[in-house]
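Engineer: Sharing a structure here in structure tokens format.
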Amino acid sequence: MDNHSKHIVPYKTYLIILASLIVLTILSILITEIELGEYSTAGALIFASVKTFLVLSYFMHLKFDNLILKIFVGLVIAVFVAVVVITFMDYIHR
Amino acid sequence: MAEPTINLEQSFYEVKNYKSPILNWILSTDHKRIGLLYLYSIMTFFVVGALLGLAMKLELIAPGKTIMEAQTYNAAFTFHGIIMIFLIIIPGLPAVFGNFLLPIMIGAKDVAFPKLNLLSWWIYVLGAIVALLSQVMGDGPPDTGWTFYAPYSFKTTSTVLPALIGAFILGFSSILTGLNFIVTIHRMRAPGMTWLKMPLFPWTLYATAWIQLLATPVVGITLLMVIAEKMFQIGFFDPALGGDPILFQHLFWIYSHPAVYIMILPAMGVISEVIPTFCQKTIFGYKAIIASTLLIAFVGYFVWGHHMYTAGMSDTALWLFSLLTFLVAIPSAIKIFNWIATLYKGSINLEIPLYWALGFLFLFMIGGLTGLVLGSVATDVYVHDTSFVVAHFHFVMFGGTGTGFFAALHYWFPKMYGKSYDNTWAKVGFWGFIIGFMMLYMPMFTLGMQGMPRRYFDYLEQFHGGNILSSFGAIILIASLAIVIINLVTSAKRGKKAPKNPWDGITLEWQVDSPPTLENFETIPVVEKGPYDYKK
Ligand SMILES: [Cu+2]
């Protein structure tokens, strides 16, 4: 392996992350109670993105990993976003 | 299991962990045996797929019914497509030659995850069996075409479900192979082999592996959505339930367009190995070929809409996809230029693998340039869903990937089996292939321009001439393929012993034994020179 030291995350951090994931899940349900029209989907997606970020960083250990892995994940997300944007070039302009 | 005594100096064929010869193959985690397992499975399916293609061409030899009913014809082109796409050219070059040669070419003993590699083959077999079940179960074989377009795929009474599930399972095989290759290339290159000293076939496998990893899950989800739609009437794609059938086409082609680069990029890698070896000259524009490989893989994600120009997309999407499609043609052209510049003033040694590589250049260029006709919205609307599209696709996939596959087979055959093949028969097979190929597919361009639709089992009298030519081409093509395959099979059994390096290649695979030993190298080599540092 490379010279990055094995990082050990304390249980407490995992519990905090777990708790925040649960809170965010509840929030993404609660937000549908407010009348936001078409923005409620956007709201739910924002909560989901924050949750994804937490899972990737802590549970999947990305925060403590090599830079190259972060770049890979970043590129993959960029490709995904580009695919979604291009698909909507069809739906929005129809 | 008795304690095996492994002699590291004998060929990998001699290594036996089990008493039963079959178990020695299907439970082996040796990358070379797994590559050959894929080769034998793929060639078996190829014979079936090719004979189905021949049957369709015989049906089209005259207007009206000749040898099969219309519904049989629908099932035949669907089965032909499913076999050729999902079982043959998607796994194709990476699974066969990637497995056999990638570790050797980068100076490693095996891939990063040998057990996962064996699992990929097992998943492939499972997926194949499930997909084949669709032919014998329920109310007749599927008739949707390999594209499973909504809403027809959940309206038809034919047995689509096993085919969908089979394709879904096959996707996992592809994803795992891609993952394995990415890790292998990142972590297992021999000392001294920097990224820019790596041969081009591993480079194309690397780009391909990323597409396998990122695009395949999309088709997995899409197929699951069709399955769910069929079983629970959810309303993703069915307009009657408020769904959008064009969404299916978006999702399907978001995978299936990058998938054509899964098919073609490794073939381009093979050509980039064959040409320098038979010119004894360094490749022209090594870095440009790498850059164009990565660019094709990247831009290839964003052009899927060119399959949907007539589906009812917005005008904005039409010009955007057309523009992006034209952009992706540029890196392919860079490669063609580099290969031709490599040939220029090389000491050309015209052997069978170079025949196939030149065949690739010729056929792939026709396929690529007719692709521009389809990439441009104005002309595509005119020839959409005609036999022009079928001809273009076969020129690129069969004339490109298929020819690249045969180039690889003839190039690395002495390494894989330690035997030489018969040159005369190989030449007869090659020329028959080119003649049959041109006769079969060229008329389909003209027929398409004249308006003959694809996927029809009958046609008007005005299309008769071109179809006769095309059907006879199919017969010549099948006969030549038989010559090629029989020549290789008999040579593998009875051929003369091949020298270690018959073509004077300088990449690492030519420095190991033919066939290689279990661990490929006695000591892991230290790489100092570039992959194509010939004297010239
Ligand atoms: Cu495409």
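The values are calculated or read from the model by the stated rules, or taken from the named source; none is laboratory data. Note that this is a predicted model, so its numbers are computed, not measured. No Cβ is skipped: glycine too gets one built from the backbone with ideal geometry, and neighbour counts run over all protein chains shown. When the accessible area is computed, the model is the full protein with side chains, heavy atoms only, and any ligands, DNA or RNA have been set aside. Shrake-Rupley method; radii C 1.70, N 1.55, O 1.52, S 1.80 Å.
Engineer: Which aspartates and glutamates have a Cα less than 17 Å from the Cα of residue B:345, not counting those fewer than 8 places away in the same chain?
Structural biologist: Counting by Cα, and skipping residues close in sequence, residue B:345 has these aspartates and glutamates nearby: B:533.
Engineer: Under a cut-off of 23 Å between alpha-carbon atoms, report the lysines in cross-link reach of residue A:63, not counting same-chain residues fewer than 8 places apart.
Structural biologist: A:6, A:12, A:51
Engineer: So what is the 222 nm mean residue ellipticity for chain B from helices alone, if each DSSP H run of at least 4 adds -39500 (n - 2.57) and you divide by all residues, rounding to the nearest 500 deg cm²/dmol?
Structural biologist: -21000 deg cm²/dmol
Engineer: Taking H placed 1.01 Å from N in the peptide plane, check which residues at least 5 places from residue B:386 or on another chain put their amide H under 5 Å from its amide H.
Structural biologist: Hits under the 5 Å cutoff: B:454.
Engineer: With every protein chain present, what accessible area does residue A:49 have (1.4 Å probe, heavy atoms only), rounded to the nearest 10 Å²?
Structural biologist: The value for residue A:49 is about 70 Å².
Engineer: Mind scanning B:32/B:497; B:197/B:496; B:19/B:496 and naming the pairs with a C-alpha gap bigger than 24 Å?
Structural biologist: B:197/B:496; B:19/B:496
Engineer: In nm, what is the difference between 0.36 nm times the number of residues separating residue B:424 and residue B:155 and their Cα-Cα distance?
Structural biologist: 91.6 nm
Engineer: Using only the alpha-carbon atoms of the protein assembly as shown, report the extent along each of the three principal axes, biggest first, to the nearest angstrom.
Structural biologist: 79, 75, 52
Engineer: Compute the FRET efficiency between residue A:62 and residue A:11 as 1/(1 + (r/R0)^6), taking r as their Cβ-Cβ distance and R0 = 25 Å, and round to the nearest 0.05.
Structural biologist: Once the sixth-power term is evaluated, E becomes 0.85.
Engineer: Okay, moving on. Pop out the ³J(HN,Hα) list for the range B:303-311 in order, Karplus 6.51 cos²θ - 1.76 cosθ + 1.60 with θ = phi - 60°, rounded to Hz; leave Gly and Pro as x.
Structural biologist: 10, 4, x, 5, 8, 10, 4, 9, 7
Engineer: Among all the lysines, which ones have a C-alpha under 16 Å from residue B:493's C-alpha, if same-chain residues fewer than 8 places away are not counted?
Structural biologist: B:415, B:419
Engineer: Check each residue of the range B:228-260 and keep those whose accessible area, probe 1.4 Å, is at least 20 Å² smaller with all protein chains in place than in the chain alone; give them in order of residue number.
Structural biologist: B:244, B:250, B:254
Engineer: Determine the gain in length on full extension of the stretch residue B:449-residue B:501; use 0.36 nm per residue of separation and subtract their C-alpha separation, reporting nm with one decimal. Present the calculation step by step, with values, prior to reporting the outcome.
Structural biologist: Working: separation 52, 0.36 × 52 = 18.72 nm, distance 4.80 nm.
My answer for the length gained is 13.9 nm.
Engineer: Give the B-A buried accessible area in Å², both sides summed, 1.4 Å probe, nearest 100.
Structural biologist: Details: alone 21150 and 7770 Å², together 27410 Å².
Buried surface at the B/A interface: approximately 1500 Å².
Engineer: What nm distance separates the two modelled labels at residue B:194 and residue B:511, each placed 7 Å from Cα along Cα→Cβ?
Structural biologist: Label at residue B:194, label at residue B:511, 1.8 nm between them.
Engineer: Another question, if that's okay. Please list, by residue number, every one of the GluC sites (Glu not before Pro) in the range A:11-91 that is coil in DSSP and has at most 15 other beta-carbon atoms within 10 Å. Walk me through the numbers on the way to the answer.
Structural biologist: Numbers: sites: A:33, A:35, A:38; in loops: A:35, A:38.
Those that pass, being in a loop and sparsely packed, are A:35, A:38.
Engineer: How large is ³J(HN,Hα) for each residue in the range B:113-130, as worked out from phi by the Karplus curve 6.51 cos²θ - 1.76 cosθ + 1.60 (θ = phi - 60°), to whole Hz, x for Gly and Pro?
Structural biologist: Residue by residue, the range B:113-130 yields 10, x, 5, 4, 5, 5, 4, 4, 5, 4, 5, 4, 5, 4, x, 5, 5, 4 Hz.
Engineer: Let me ask you something else. Might you tell me the accessible area per residue for the range B:469-521, computed with a 1.4 Å probe and given in Å²?
Structural biologist: 45
Engineer: Another question, if that's okay. Ignoring ligands, DNA and RNA, what percent of the 1.4 Å accessible area of chain A is carbon and sulfur?
Structural biologist: Carbon plus sulfur share of accessible area: 74 percent.
Engineer: Rank these residues by their accessible area, most exposed first, probe 1.4 Å: B:496, B:281.
Structural biologist: Sorted by accessible area, descending: B:496, B:281.
Engineer: Next question. Taking every alpha carbon pair in the range B:21-511, what does the distance histogram look like in 10 angstrom bins from 0, in percent?
Structural biologist: For the range B:21-511, the binned pair fractions read 4, 19, 31, 29, 13, 3, 0 percent.
Engineer: Now for a different question. Taking the range B:283-353, which chymotrypsin sites (Phe, Trp or Tyr not before Pro) meet the DSSP loop condition and have no more than 15 other C-beta atoms within 10 Å?
Structural biologist: B:344
Engineer: Here's something else I'd like to know. Just to be sure I understand: if I project the alpha-carbon convex hull of the range A:11-92 onto a plane and average over all orientations, what area do I get in nm²?
Structural biologist: 6.6
Engineer: Expressed as a whole number of Å, what is the distance separating the alpha-carbon centroids of the range B:457-536 and the range A:15-42?
Structural biologist: 57
Engineer: Take the alpha-carbon centre of the range B:390-448, take the same for the range B:185-218, and report the distance between them in whole Å.
Structural biologist: After rounding, the separation between the Cα centres reads 26 Å.
Engineer: Per-residue HN-Hα couplings for the range B:35-44, Karplus 6.51 cos²θ - 1.76 cosθ + 1.60 at θ = phi - 60°, whole Hz, x for Gly and Pro?
Structural biologist: Running phi through 6.51 cos²θ - 1.76 cosθ + 1.60 with θ = phi - 60° gives x, 6, 4, 4, 4, 5, 5, 5, 5, 4 Hz.
Engineer: Here is a follow-up. Taking the Cα-to-Cβ direction at residue A:44 and at residue B:26 and moving 7 Å from each Cα, how far apart do the two end points lie in nm?
Structural biologist: Going by the 7 Å Cα→Cβ label model, 4.6 nm.
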